[in-house]
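Trainee: After the C-alpha cells below, expect a handful of questions from me.
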Amino acid sequence: MKTYFKIIVLFISLQITAQQGGMWIPSLLEGMNEKEMKSLGSNLSAKDIYDVNESSLKDAIVHFNGGCTAEIISDSGLLLTNHHCGYGAIQSHSSLNNDYLKDGFWSNTNAEELPNPGMFITLIDRIEDVSSQALKHVNDKMTAKERQSTIDKNIAKIEKEAHIESWQEAKVKSFYKGNQYFLFVTVTYNDIRLVGTPPSSIGKFGSDTDNWMWPRHTGDFSLFRIYADKNNMPAAYSKDNVPYKPKHFLPISLDGVAVDDFTLVFGFPGRTDEYLPAVAIDQIVHTLNPAKIEIRENALKIMDGYMRANDQIKIQYASKYASIANYWKKWIGENQGIEKSKAIAQKQQLETEFAQKSNDKSSQALLTKFDHLYNEVEDVALARAYWVEVVYQNIGLLRASIYLSQFENKITKDPKSLNAEREKLTKRLEALYKNYNKEVDQAVFEKLIQLYANKNPEAYTINTVKNKDLSVLTQQIYQQSKLTSFSSSKDLITGSKGEILEKLHQDPGYSLGKDFSDMYYNTINPKYNQIQLEIKANQAHYMKALIATFPKKRFFPDANSTLRITYGKVKGYHPRDAVYYSPVSYLSGVMEKYKPGDYEFDVPQRLIDLYKSKDYGPYADQGKMPVNFIGTNHTTGGNSGSPVIDAHGNLIGLNFDRVWEGTMSDYNYDPDICRNIMVDARYILFIIDKFADNQRLIDELKLVHPKSKK
C-alpha cells in the first residue's frame, strides 16, 4: 500500500512539473493556477497576488522605463531592479572623473539621489476582460485586413470610453493571438532617481563571457526611488517632490532558498511565441538567427578591440556593446536549445495530431497556409533582418541618416513643422552622438556593409553597394559626410527648408542612408507587413482551433509586455550527459573566477577583504555567502528586474537572466533544461550593508524570517 501511495505521489509530482511553465494573467489565478501554486508549496491565495480593492502583491510591481521590471521594497518608494536595467542611467551620470560604472554609487541622503530625465515607471491599477467588445462585428468571412481594421476601431473606442481617472491611462492588449483582449488601467510616475548601484565589477561580474550561463556570480542589481507630489500623485521632476508611498511593498526574507522551495516571478515579460508552427521555428533557426548572429559577432569583435585599447571608448560603448552582445549570445543558445529539445519535431508531431483530431478540412488547411506564407515571407524577412541589424542597430552614421530621412519626409509634407521637427531631431542626434566614436563606427560600417552586399537577398539590396569597392566607399563616406559628429550633423539642419534639403542631398552619408531608407520603407516593410498580416490572421484561427481540438490541454497566453506571474521551484538541472548543475552559487565562485585587471572578472579589493575575513553579517548560509540561484520559472526579456517571491509573499531574489541551454523557452519551454537565473536577496543585502556600508538603506527595509514561523 505504501509503495502504491509513493507511485501516486510521484505521478502527481510529475504532472505538476509538466505544468510548470507559462506566463499567467494575475487577475485570472483563481482555480487551477491557485491549486498548482499551492501544490508547489505556495501559501499565497489568488487575492494575495492580485486584488483590485485591497492591497496585494501587484501593487509593488512596476514596469521599469518601458522595458524591464522593478519592485517596491520600502514604504518610501525604494525600487529594486537589475544593474543592467539601470545601466543607461548609471552611464549617463558617469564620466572619467566620476565613474559610477567603475566605482559604484551610494547616496547617503535623499538629497543625494540623482534624477533621470525621461525615466518613468508604470503601476497597474486594474485589468479587465474586454474580449466581447474588441471582437464585436468580427467574423470568419473577413479578410485579414478587414478583421484587423475592425478590431483596431473597437480597441480605440474601448480605450476612449474607459472609466479612468485623469491621472490614469487605458490600454487594450491582445492575448491568445487575437482571440482574447484585456484592458489595462495604469498610472505612470516620471520622477525616478538613482539611489545606489554596485560597481560593474559586481553588478556586471562575468560580463559577456558569463551572460546566459550557469553557474553565475553576478550582483545584477541597482536601486532607484519613485518621487511624487505632496499628494502622492504623479508629477514632473521637482525639488519639492517627496518619496512615493506605495499601496504595498515587498518585505525581504533573510532565510534564503533551498532545493524545491516555491518561487513566484512577477513582472512584464516582453515577447514569446510558444504556438508558432514548425515551419516558422525552422525559418528562425536556419535562416534568420544565423544571419543576425553573424552580423552582431562581427560588430562586437570590432568594438571589443577598440574598447580594450581605450578607456574613453570603453565608457562610450559599454552600454551599446552590452545591448548588442545580449541577444547575439541569446540567439546562439536559442538555436542550440531548439535543436537539443527537438522543438521542431515536437511542433510537427502536434500538428500531425491536430490534423488527425480536428477532422475539419478548414482547420487542416491552416497548416498548408502556414507553409505557403512562410515560404513567401522568407526572403523579405531576411532582408528586414539585415536592414535592422546593419542599418539601424549597429552603425551610428546610418542610424543618423534614417533620423534625417524621416525629418525630410515630415518637413516636406508639412513645411510649417520645420522648427518643431528640427528641435526633436536635434535631441535625437544629441543622444545618438553622446556615445559615438567615428573611428569605431567606420570600422563597423566597412565590415557590415560587406556582409550586407554579399548575403542580403538581391531583390532587396540597394544598387549603391552592388558591385562596388566597399573599402573605397567607406573611406569616401567617413571623409566627406557630416554625419560623423553631432556638431557637423546639426549643421545640416540649419537654415531654411530649401537650404536644408540642398545640404542633405549633397551629403554622401545621407544619400546612402536615404537609399537604405527608401528600400526599407517603400519595398521591404510594406511587403513584410502584408504577409505578416496574413500570418497573424492564420495564427489567430490556428490558436482558436488548437484550443478547441485539445480541450484538456492548458494553453497560457504568449508574453506581450503585460503583467504576468510565473511559478516554479528552486531546482538544478542536467545540461548534458554526466553533468549536474547545483541551483545555488556562492562568493567562493566569484573568487575562483577572479582575474586581476580583467574587465569581466576583476573584483574590488573591498569584496576580496570581506571574503577573506568571512565578514558576511547575518546574510551567510552555513558560513558561505550565496550569490545567485536558479529555478524553473518561465521568464523572458522584460522579466529582468522581476522580484522572486517566496511562498509567503516575501522577496527572496531578483530575476536577471536565463541559462543558455534554455533560452529557446520563448518558443518551446522545456522544464528539464529551462532555468531562470536570480540574484539571491541576501547577496543584495550583503553588498548594500557590508560592502557599501550604507546603513540608511538597510534601515529602510523590512527584513523578515518567514521560515522560522513554520
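Trainee: Tell me yes or no: at least one residue of the stretch 228-249 is over 30 Å from I687 (Cβ atoms), without any contact (Cβ under 8 Å) to a residue 60 or more places away in the chain and either among the β-branched types (V, I, T) or not in a loop (DSSP other than H, G, I, E, B) (or both).
Mentor: No: zero hits.
Trainee: Run down I493, I477, I500 and say which single residue is farther than 17 Å from E408 by Cα, of a type in the set (A, V, I, L, M), more than 29 Å from the chain's Cα centre (by Cα) and crowded, with 19+ Cβ neighbours inside 10 Å. Full working, then the answer.
Mentor: Numbers: I493 fails: farther than 17 Å from E408 by Cα; I500 fails: farther than 17 Å from E408 by Cα.
Selected residue: I477, the only one of I493, I477, I500 that is farther than 17 Å from E408 by Cα, of a type in the set (A, V, I, L, M), more than 29 Å from the chain's Cα centre (by Cα) and crowded, with 19+ Cβ neighbours inside 10 Å.
Trainee: Within the set of pairs 6 or more residues apart or between chains, which connect a residue that is farther than 16 Å from I293 by Cα inside the stretch 330-343 to a residue that is among the hydrophobic types (A, V, I, L, M, F, W, C) and part of a loop (DSSP other than H, G, I, E, B) with Cβ atoms less than 8 Å apart?
Mentor: Listed pairs, sorted by first residue: K340/I673; S341/I673.
Trainee: Look through the stretch 114-137, keep the residues that are surrounded by 13 or more Cβ atoms within 10 Å (Cβ to Cβ) and over 26 Å from the mean Cα position of the chain (by Cα), and return whichever of them is farthest from K58 (Cα to Cα).
Mentor: K136
Trainee: May I ask you to list the residues in the stretch 662-699 that are under 18 Å from K342 (Cβ atoms) and either under 18 Å from the mean Cα position of the chain (by Cα) or among the polar types (S, T, N, Q) (or both)?
Mentor: Matches in the stretch 662-699: G662, T663, M664, S665, D666, Y667, N668, Y669, C674.
Trainee: Next question, about the same structure. Identify, by number, the condition in (1) charged (D, E, K, R); (2) touching a strand residue (DSSP E or B) at 6+ places or on another chain (Cβ under 8 Å); (3) farther than 30 Å from A322 by Cα that K145 doesn't meet.
Mentor: (2)
Trainee: Pick from S665, S613, S588, S642: which is surrounded by 24 or more Cβ atoms within 10 Å (Cβ to Cβ) and modelled with pLDDT of 95 or more?
Mentor: Going through S665, S613, S588, S642 in turn, the sole match is S642.
Trainee: Examine the stretch 495-513 for a residue that is out of contact with any Gly (no Cβ under 7 Å at 6 or more places or on another chain) and within 30 Å of T143 (Cβ to Cβ), and state whether such a residue exists.
Mentor: no
To keep it simple, each residue is scored yes or no on (1) at positive phi; (2) of a type in the set (A, V, I, L, M, F, W, C); (3) in contact with a strand residue (DSSP E or B) (Cβ under 9 Å, 6 or more places away or on another chain); (4) surrounded by 15 or more Cβ atoms within 10 Å (Cβ to Cβ).
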| residue | (1), (2), (3), (4) |
| --- | --- |
| A343 | no, yes, no, yes |
| Q356 | no, no, no, no |
| N359 | yes, no, no, no |
| V377 | no, yes, no, yes |
| A383 | no, yes, no, yes |
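Trainee: Out of (1) under 28 Å from P26 (Cβ atoms); (2) over 19 Å from the mean Cα position of the chain (by Cα); (3) in contact (Cβ under 8 Å) with a residue 24 or more places away in the chain, what's the single condition that is false for P215?
Mentor: Of the numbered conditions (1) under 28 Å from P26 (Cβ atoms); (2) over 19 Å from the mean Cα position of the chain (by Cα); (3) in contact (Cβ under 8 Å) with a residue 24 or more places away in the chain, the odd one out for P215 is (1).
Trainee: What's the number of the condition D441 fails, among (1) part of a helix (DSSP H, G or I); (2) modelled with pLDDT under 95?
Mentor: Here D441 meets the rest and fails (2).
Trainee: Right, another one. Test Y327 against the criterion of being in a helix (DSSP H, G or I), of a type in the set (F, W, Y) and in contact with a helix residue (DSSP H, G or I) (Cβ under 6 Å, 6 or more places away or on another chain), and give yes or no.
Mentor: no
Trainee: Among the residues that make up the stretch 695-705, is at least one of them assigned to a helix (DSSP H, G or I) and crowded, with 20+ Cβ neighbours inside 10 Å?
Mentor: yes
Trainee: With the stretch 121-199 as the region, which strands (runs of 3 or more DSSP E) entirely inside it contain at least 2 residues that are under 29 Å from I547 (Cβ atoms)?
Mentor: Filter on the stretch 121-199 gives 121-129, 168-175, 180-189.
Trainee: Please state which one of A431, A453 is assigned by TED's automatic domain parsing to the domain that holds S319 and modelled with pLDDT of 95 or more.
Mentor: Going through A431, A453 in turn, just one is assigned by TED's automatic domain parsing to the domain that holds S319 and modelled with pLDDT of 95 or more: A453.
Trainee: Looking at E421, is it at pLDDT 95 or above and either more than 18 Å from G513 (Cβ to Cβ) or not in a helix (DSSP H, G or I) (or both)? Step through it out loud before you land on a result.
Mentor: Working: at pLDDT 95 or above: yes; either more than 18 Å from G513 (Cβ to Cβ) or not in a helix (DSSP H, G or I) (or both): no.
For E421, the condition - at pLDDT 95 or above and either more than 18 Å from G513 (Cβ to Cβ) or not in a helix (DSSP H, G or I) (or both) - is not met.
Trainee: Tell me which residues, restricted to the stretch 263-294, are in contact with a helix residue (DSSP H, G or I) (Cβ under 7 Å, 6 or more places away or on another chain) and of a type in the set (A, V, I, L, M, F, W, C).
Mentor: Hits for the stretch 263-294 are F266, A278, V279, A280, I281, V285, L288, A291, I293.
Trainee: Let me confirm something: among G623, G572, G631, G597, which residue is on the phi > 0 side of the Ramachandran plot and modelled with pLDDT of 95 or more? Before you say what the answer is, go through the steps one by one.
Mentor: Working: G572 fails: on the phi > 0 side of the Ramachandran plot; G631 fails: on the phi > 0 side of the Ramachandran plot; G597 fails: modelled with pLDDT of 95 or more.
Only one candidate passes the filter, namely G623.
The values are calculated or read from the model by the stated rules, or taken from the named source; none is laboratory data. A quick note: this is a predicted structure, and the numbers were derived from the prediction, not measured. Reconstructed Cβ throughout: ideal geometry from the backbone, glycine too, with neighbour counts over all protein chains shown.
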